[in-house]
Amino acid sequence: MKLEKYLKEFTITITPRFYETDALGHINNIAITAWFEVLRVRLLESLGSGAASVAKNWVLASIAMDYIDETFYGSDVTMKVTGLVVGNSSLKIQCQMMQGDRLTVRGTAVLVHLDIDTKKPRRIPDELRESVAQL
């Protein structure tokens, strides 16, 4: 399976909750950032790195969000991974969010794989590299 095909198929659906809105029914930007985290974690789990490894070994080093259009309560959103770049100790994940047929948010996150004991970056495990290479 090619990476492009896999990423096009890697989507999740989020149903906005009322408490994630402001007085006008807009979804709060912090909630959207949390939704993108859910997408990133599920992607890592699907690549075989496992939930325990995600929780213990990955830290968010950088995040950039571009808010293209408003996102509202009352309609599901679809989030998908649009790009994945594996570095030595980092993983760059590009994502987008749609509500209906509207692109509402684009985001990029850089995760760093850490050695728990030393708190220093360490090489991404071969298992994850092999999973990405097989896409």
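The values are calculated or read from the model by the stated rules, or taken from the named source; none is laboratory data. None of these values were measured; they are calculated from a predicted model. Glycine also receives a Cβ, built like all others from the backbone with ideal geometry; neighbour counts cover every protein chain displayed.
Give the residue, chosen from Ile63, Ile68, Ile124, that is in contact with a His (Cβ under 8 Å, 6 or more places away or on another chain) and not polar (S, T, N, Q).
Working: Ile63 fails: in contact with a His (Cβ under 8 Å, 6 or more places away or on another chain); Ile68 fails: in contact with a His (Cβ under 8 Å, 6 or more places away or on another chain).
Being in contact with a His (Cβ under 8 Å, 6 or more places away or on another chain) and not polar (S, T, N, Q) holds for just one of Ile63, Ile68, Ile124, which is Ile124.
Identify, please: which residue in segment 14-28 is polar (S, T, N, Q) and in a loop (DSSP other than H, G, I, E, B) and is, among those, farthest from Val105 (Cα to Cα)?
So the residue we want is Thr15.
Inspect segment 75-82 for any residue being under 15 Å from Ala31 (Cα atoms) and touching a helix residue (DSSP H, G or I) at 6+ places or on another chain (Cβ under 7 Å) and give the result as yes or no.
Looking for residues that are under 15 Å from Ala31 (Cα atoms) and touching a helix residue (DSSP H, G or I) at 6+ places or on another chain (Cβ under 7 Å), one finds at least one in segment 75-82, hence yes.
Looking at Val105, is it under 22 Å from Glu9 (Cα atoms), hydrophobic (A, V, I, L, M, F, W, C) and in contact (Cβ under 8 Å) with a residue 60 or more places away in the chain?
yes
Only residues in segment 61-88 that are under 30 Å from Asp115 (Cβ atoms) count as the first member; pair them with residues that are assigned to a loop (DSSP other than H, G, I, E, B), Cβ under 7 angstrom, at least 6 apart or cross-chain, and list the lot.
Sorted first by the residue in segment 61-88, then by its partner, the pairs are Val81/Phe10; Val86/Ile124; Asn88/Arg123.
Give the residues of segment 116-131 that are in contact (Cβ under 8 Å) with a residue 24 or more places away in the chain and farther than 19 Å from Glu45 by Cβ, sorted by residue number.
Pro121, Arg122, Arg123 - these are the residues of segment 116-131 that are in contact (Cβ under 8 Å) with a residue 24 or more places away in the chain and farther than 19 Å from Glu45 by Cβ.
Got at least one residue in segment 102-114 being farther than 27 Å from Asn29 by Cα and either among the charged types (D, E, K, R) or touching a helix residue (DSSP H, G or I) at 6+ places or on another chain (Cβ under 7 Å) (or both)?
yes
Restricting to helices (runs of 4 or more DSSP H) lying wholly in segment 29-135: which have 1 or more residues that are surrounded by fewer than 16 Cβ atoms within 10 Å (Cβ to Cβ) and at pLDDT 90 or above?
The qualifying helices (runs of 4 or more DSSP H) are 29-46.
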